[in-house]
Structure formats: C-alpha cells, structure tokens
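*Asks:* Have a look at this one before I ask anything.
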Amino acid sequence: MRDFIKQYKKNKSAVVGFFIVLILLILALFAPFIASHLPADQNLADRLIPPMWEEGGVTTHILGTDDFGRDLFSRIIYGARISLMVGAISVGMSLTFGLVMGLVAAYFGGKVDLFVMRIVDIMLSIPAILLAIVIVSILGPSLVNAMIAIGIVGIPTYARVVRASVLAEREKEYVIASRINGSSNMRLMFKVILPNAATPIIVQSTMGFASAVLEAAGLSFLGLGAQPPTPEWGAMLSDSLQFITTAPWMIFYPGLAIFFTVLGFNLMGDGLMDVLDPKLKDK
Amino acid sequence: MFSYILKRLIWTIPTLFGVTLMVFSMVHLSPGDPAVAILGDKANAQSVKELRTQMGLDKPIYTQYFIYMSNIAKGDFGKSATSYEPVLDEFLDRFPATIELASLAMIIATVLGVLAGIISAIKRYSIFDYTSMFAALAGVSMPVFWLGLILIYFFAVKLGVLPVSGRLGYEFDIDHITGFYLIDSLLVKDYEAFWDALRHLILPAVALGTIPMAIIARMTRSSMIEVMKEEYIKTARAKGCSRFQVIAIHALRNALMPVVTIIGLMFGSLFAGSILTETTFSWPGIGKWLVNAVYQRDFPVIQSATLIIATVFIAINLIVDLLYAVINPKIRLS
C-alpha cells in the first residue's frame, strides 16, 4: 500500500485527478454549508444577474443567477451531489452485472462463454448514447431511468474487461492448487480468482465513472434525464440555450463543472493504470 | 483470408438478429398499450381495438415479429406516428445532413489529430508535446454539447463570423440533387450557397470532431513512438535517409496501421455523437430526428432510427475489420 501511494504520488496528472475528485467529494458532502442559497430557491427580482466580477454583478450571487433568479453557484455545488450519485449508482450497476457475466463466461468457458459474449457483442454493436436513449424512451425520461439506462449500457464493457482478466488468471498454478484442495466454483470465482484479476476492473470503474457522468449530462441536456428544477449540470445547460446572448454565464459554469469532473476521473484512471499495471497502458 | 472474411460476415448475422429483436421488443417493453399511446387516453374502446388489429397487436408475438421482419426486408419501416410519412422517406431526407456533418468532422479530426500526434512523437517531452497531449486529454473529457455552446457563443454571438444554427441561410434555396448541400450547390454552380453551407458546417463539425481528434492524436503519438524504436528505422537512418524520409516513408506508414482502425471505428461512433451535436446546433439530421421522436414517443421512428443507425454502425465496423485484414499481413495470411 505504501509503495502504491509512493508510485501514485510520482504521477503528477494522477495527483491532479485525485485532488479534483477530492474537491468534488467535499463539495457534494458539505453542499449545504458551502452553497449560499438553496438550489431551488427562486427570486424573480434577481433574475439573470451576471457573475460578481462583471458589471451589474452582486457579491451575494458569486456566479450570477439564472432565468428564475436561482443562484448559479449553489446549483452547481448541489449538482456535484447528483453527478457523483449518478456515477456511483450506474457504475455500481454496470459493475455488478458485468462482473457476474464476465466471471461466469471466463470461468466456465465453452458454450456459456460463447452465449454471454454474443449478448455482449450485440449490446456493444449499438452506440452507447443511442442505447441509453432507447432505454430511456421505453422507461420514460427521468433521472432514475437515465441512471438505469447508463448502468445497462455500461454492462458489456465491464463484462469484457472482467472476462479478459479472469481468463488470464484461470489457468495459473494457485488456482489449480486451490481447485485440487476442493474449493467450490463460487469460492474459486469470487475468493480466489477475482482479487487477483481486480486491477483492470478498478481502472475500468474509474474511467467508467467519467463516462457515466458525461452520458448522464448528455441525456439530461437532451431533456431525457433529470427534469427541472433538479440542479443537474446537463439539464442546466439545456435551459441556458435560449439565454446564450443575454446570459452566457449560464452556459460556462455548469459545463466547466462537468468538464472538471470527467477530467478528474479520467486523470485518476490513467494514473491508477500507470501505477497498478503499466502493461495496460497504450493498449 | 477468405475463410476469415466468411467467418466475420457470418458473425454479423446473430448480431443483426439481436438488434432487430431488441428494437422490436421496445414497443412491448414500454409501459401501456401502444395503441392507446398513439390515440391518446380519451380514445374509445372500439377505435383502440381497431388500431390494435391494424397494427397486428392482437396476433401472437412471434407472428408480430415475423411480420415486422418481412416488412423491413421489403423496405417498409412503417409510418411515423406524428407526421404519417413513411419512416424510410423521412430517414433518407435527413441522412445526407448527418453524413455531411460526420464526414467534415472526421476530416478535421484525422488531419489535425494525425499531425499533432506525429509532431508530439518526434518532439517528445517538448512544450508542443505536453500542450497537445493535455489538450487531447481535455478533449476526451469535454461534453460535446458544451463545446458546441461555447463555440456558438464565441464565433456566432460574440464575433458574429459564423451562423448560430441550421444548415443553410433562409435566402438560399438549393435543389436537392444528392442531399449534400456542399455538393448540390457546386453542381448548380451556386458558389454563394456553397460558401454559406460551409459556414454553417464549420462549428458543428469542429464540435463533433474534437473527441475523435483527441483520441487519434494520442493513438498516433504512441504508435509513432513505438515504431521509431524499430530496427528498420535504424536501418533507414543508417543507409542515409533524410529525417523527413525516415518519418514520412518508413515510420508513418507502419505507425498509421492501428490509427486507421481507430479512425474507422470512430466514424461509427460519430453518428452517435451527432445526436448531441445536432440538437445543440439544430442541425436537421437523423440525430435530431431521433431525439424529437423520443419527445413525441413516436415509436415507429425511434425503432427504425435505432435499427438503421445500429446497422450502419455494424456495417462500418465490419468494413473496418475487413480492410484491416487486407492491410495487415498477420491476419491476411493466417
């Protein structure tokens, strides 16, 4: 563990990524203390106020207000909660199903493998955002359904990663030894093989978090995810479209929040890949 | 070689079958009666029943699937539930717009991405390398719709040099010969319209091309660095080739092999990216068509658009795989 931290610290961009994610976590956890207003608080007298350093800005609204007079800074802070929740839940969902599918496919091999991987191939043959839109159009637009859609869309990628790394471990001597000792299939799969095949899965989950946040913002931007007045960054951008000439700050800052969140997780994933398994790089 | 192509072709059949099955079951998976969804809640029982019969919803599900498939085989994708136009006609109307956008995006991404990758690889650890690789990482993390909005703000609103949205100014009227405005305007020698169409294309194409550009740049760089270490590069240098010759002739050709694959695969995903870009720029292509259909719960359109986009995506992947087999002797000869 100490070795890991030492190696990780050496990787500058990974450290930057870690700090971005840390800041996000702090913002999300302490949102009520950091934000100056409640995210849904409307005040029509204060609508479309520019950020405080621009002409006409006021110090009580740091990043200005939107068309309902809601404080943009506070909405972005509370938005961190939503994005992290979306990321965690959809990654958790993709990971759980992907893990079981990949593990079963690689461990049992043969027809089971062929069948599971065919399903994976079919899912991967449809572009992720398209599949997500299809699922949301079946379930109806809402943040929860968007999370489910993104979770489902992610499953095949995780299944592939898990399968590849389990296949690499399956025939190793410690597994055979444990099998000879009489370990059950379940024990072999989850207790013996999985911990040793975890590295690529951890890397994939970190990167997957980034794409989940991005996809959720995309769906909400299209009006298929979070619905107003939820302070979701993508939904905020979609509202801002009609104010592009009069209130450009409504466009800049929610987008910047998405950008930094995705960048943070991508940098962290890149760094983890470097430290945990340099061989994975450039593949 | 032949057996590889045959095998690859045969494998697409279950994939396509799976996609049609998924698209077909959409209507049945969505909550509520599809007939009620079309007619509205206030429809009387008699008309709902008639529509169900008309749509074939009263037949067993496997018969419905069979009818659906045989209609598609005949090129009948059904009618839009909102405009009552044949879905295929609506699709063909909009497809050129998306292709035009995706093609320009891909040209921008490939030219700039490959160039940045090569320079980064040659001048490794230089300021250019660091800047372009950071930009590439930033490009991957950028929401495409946000980038689109920023571009609109700076180039259309602030500077006023490029149009905000759409495909062509209202003052122009081009005959739909091919559906590609750039080509059509040149065919009728309307250069002003060509210039206007190009100006409308630039911002969405840049927005859509950014992510592929970032990926291509990173890929070219790492592949180029790998190749420059090879023995044959040393040989080329030893026999007195100029630096340019070594890079352009010996290294680049080999380094571009994996890049070509990525470019092919990206083209498929560009269609998906165009959904967000088209919505941002009000670009009248299939992406915006699909999103509007989702708003209106127009299932025939959603189904067909999904099926067609997925098929195009699968076809492109297939072509890329086959082309790769042709260029790469390791696969060709195995």
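*Asks:* What residues in region A:202-226 lose 50 Å² or more of accessible surface when the other protein chains are added to their chain alone (1.4 Å probe)?
*Replies:* The answer is A:Leu214, A:Phe221, A:Leu222.
*Asks:* If r is the Cβ-Cβ distance from A:Asp67 to B:Leu159 and R0 is 22 Å, what FRET efficiency results, to the nearest 0.05?
*Replies:* My answer for the efficiency is 0.35.
*Asks:* Using 0.36 nm per residue of separation minus the Cα-Cα distance, give me the extension gain between B:Glu230 and B:Asn292 in nm, one decimal.
*Replies:* 17.1 nm
*Asks:* Given axes a ≥ b ≥ c from the Cα gyration tensor, I'd like to know whether region B:152-226 is rounded (a/c under 1.5), prolate (a/b larger than b/c) or oblate.
*Replies:* oblate
*Asks:* Starting from the 7 Å offset along Cα-to-Cβ, what nm value, one decimal, do you get for the label separation of A:Thr246 and A:Lys12?
*Replies:* For A:Thr246 paired with A:Lys12, the spin-label model returns 4.5 nm.
*Asks:* Separate question: Label points 7 Å out from Cα along the Cβ direction at B:Ile10 and A:Val58: separation in nm?
*Replies:* Result: 7.4 nm between the two label points.
*Asks:* Let me know the mean shielding of A:137-147 by other chains, meaning the per-residue number of their Cβ atoms within 10 Å of its Cβ.
*Replies:* Rounded to a whole number, the mean comes out at 3.
*Asks:* Under a 5 Å amide H to amide H cut-off, with H placed in plane at 1.01 Å, what residues pair with B:Lys79 once short-range neighbours are removed?
*Replies:* Distant-sequence amide H within range of B:Lys79: B:Val87.
*Asks:* Taking the highest mean first, how do the peptides B:43-52, A:85-94 order by number of other beta carbon atoms within 10 angstrom per residue?
*Replies:* My ranking of the peptides, most packed first, is A:85-94, B:43-52.
*Asks:* When you look at the Cβ of every residue in B:277-283, what mean number of other chain Cβ atoms sits within 10 Å?
*Replies:* 2
*Asks:* Normalising by the residue count of chain B, find the relative contact order in percent from Cα pairs under 8 Å and 6+ residues apart.
*Replies:* Relative CO of chain B lands at 25 percent.
*Asks:* Between exposed chymotrypsin sites (Phe, Trp or Tyr not before Pro) in chain A, where DSSP calls loop and at most 15 other Cβ atoms lie within 10 Å, what's the longest gap?
*Replies:* In short, A:54-283.
*Asks:* Still on this structure, please answer the following. Length gain on complete extension for the stretch B:His176 to B:Phe134, per 0.36 nm per residue less the alpha carbon to alpha carbon distance?
*Replies:* Gain in length upon complete extension: 10.9 nm.
*Asks:* Also: Taking springs between alpha-carbon atoms closer than 10 angstrom, which of B:Val36, B:Val206, B:Val114 fluctuates most in the Gaussian network model of chain B?
*Replies:* In the Gaussian network model the winner is B:Val36.
*Asks:* Between B:Tyr125 and B:Ala248, what length comes free when the chain is fully extended (0.36 nm per residue of separation minus the Cα-Cα distance, one decimal in nm)?
*Replies:* Computed gain between B:Tyr125 and B:Ala248 is 42.2 nm.
*Asks:* Separate question: Explain nothing, just the number: relative contact order of region A:2-280, from Cα pairs under 8 Å at least 6 residues apart, as a whole percent.
*Replies:* The normalised contact order for region A:2-280 reaches 24 percent.
*Asks:* I need the phi-derived Karplus couplings for region A:59-74: 6.51 cos²θ - 1.76 cosθ + 1.60, θ = phi - 60°, integer Hz, Gly and Pro marked x.
*Replies:* The phi angles translate into 6, 6, 10, 4, 9, x, 10, 9, 5, 9, x, 7, 6, 5, 4, 5 Hz.
*Asks:* Continuing with the same structure: If you take the charge dipole of chain A about its Cα centre, with +1 on Lys and Arg Cβ and -1 on Asp and Glu Cβ, which of A:Leu72, A:Gln227, A:Tyr174 is farthest toward its positive end?
*Replies:* A:Tyr174
*Asks:* Find, among the trypsin sites (Lys or Arg not before Pro) in region B:199-249, those assigned to loop by DSSP (not H, G, I, E, B) with at most 11 other beta-carbon atoms within 10 angstrom.
*Replies:* Within region B:199-249, the qualifying trypsin sites (Lys or Arg not before Pro) (loop, at most 11 other Cβ atoms within 10 Å) are B:Lys229, B:Lys239.
*Asks:* Along the charge dipole of the protein assembly as shown, Cβ charges K/R +1 and D/E -1, which of B:Ile275, A:Thr246, B:Ile119 sits furthest on the positive end?
*Replies:* Sorting the options by dipole projection puts first B:Ile119.
*Asks:* What total accessible area, in Å², is buried where chains B and A meet, using a 1.4 Å probe and rounding to the nearest 100?
*Replies:* Summing both chains' loss of accessible area gives about 3700 Å².
*Asks:* Quick one: pull the percent of accessible area on region A:2-280 belonging to carbon and sulfur, 1.4 Å probe, ligands and nucleic acids left out.
*Replies:* About 67 percent, which is the carbon plus sulfur part of the accessible surface.
*Asks:* Now for a different question. Compute, for region A:147-245, the length of the dipole vector about the Cα centre, with Cβ point charges of +1 (Lys, Arg) and -1 (Asp, Glu) only. Units Debye, rounded to 20.
*Replies:* 580
*Asks:* Applying 1/(1 + (r/R0)^6) with R0 = 35 Å to the Cβ-Cβ distance of B:Val36 and B:Asp89, what FRET efficiency is obtained, to the nearest 0.05?
*Replies:* My answer for the efficiency is 0.85.
*Asks:* List the residues whose amide H sits under 5 Å from the amide H of A:Thr65, counting only those 5 or more places along or on another chain, with H placed 1.01 Å from N in the peptide plane.
*Replies:* HN-HN under 5 Å from A:Thr65: A:Leu48, A:Ile49, A:Leu72.
*Asks:* Taking a probe of 1.4 Å, how large is the accessible area per residue of region A:108-252, in Å²?
*Replies:* With the other protein chains kept in place, region A:108-252 gives 39 Å² per residue.
*Asks:* Check every DSSP H run in chain B and write down those whose alpha carbon atoms cover 30 angstrom or more along the long axis and whose mean Kyte-Doolittle hydropathy is 0.0 or greater.
*Replies:* Result, helices passing both filters: B:2-29, B:87-122, B:191-228, B:252-281, B:299-327.
*Asks:* Something else now. So how far apart, in nm, are the two label points at B:Lys239 and A:Phe4 if each is 7 Å from Cα heading toward Cβ?
*Replies:* About 5.1 nm, to one decimal.
*Asks:* Enter the mean number of other protein chain beta carbons within 10 Å of the beta carbon of each residue in B:294-300, as an integer.
*Replies:* Mean number of neighbouring Cβ atoms from other chains: 3.
The values are calculated or read from the model by the stated rules, or taken from the named source; none is laboratory data. None of these values were measured; they are calculated from a predicted model. Reconstructed Cβ throughout: ideal geometry from the backbone, glycine too, with neighbour counts over all protein chains shown. Just so you know, the surface numbers come from the protein's heavy atoms only, side chains and all, with ligands and any DNA or RNA stripped out. Shrake-Rupley method; radii C 1.70, N 1.55, O 1.52, S 1.80 Å.
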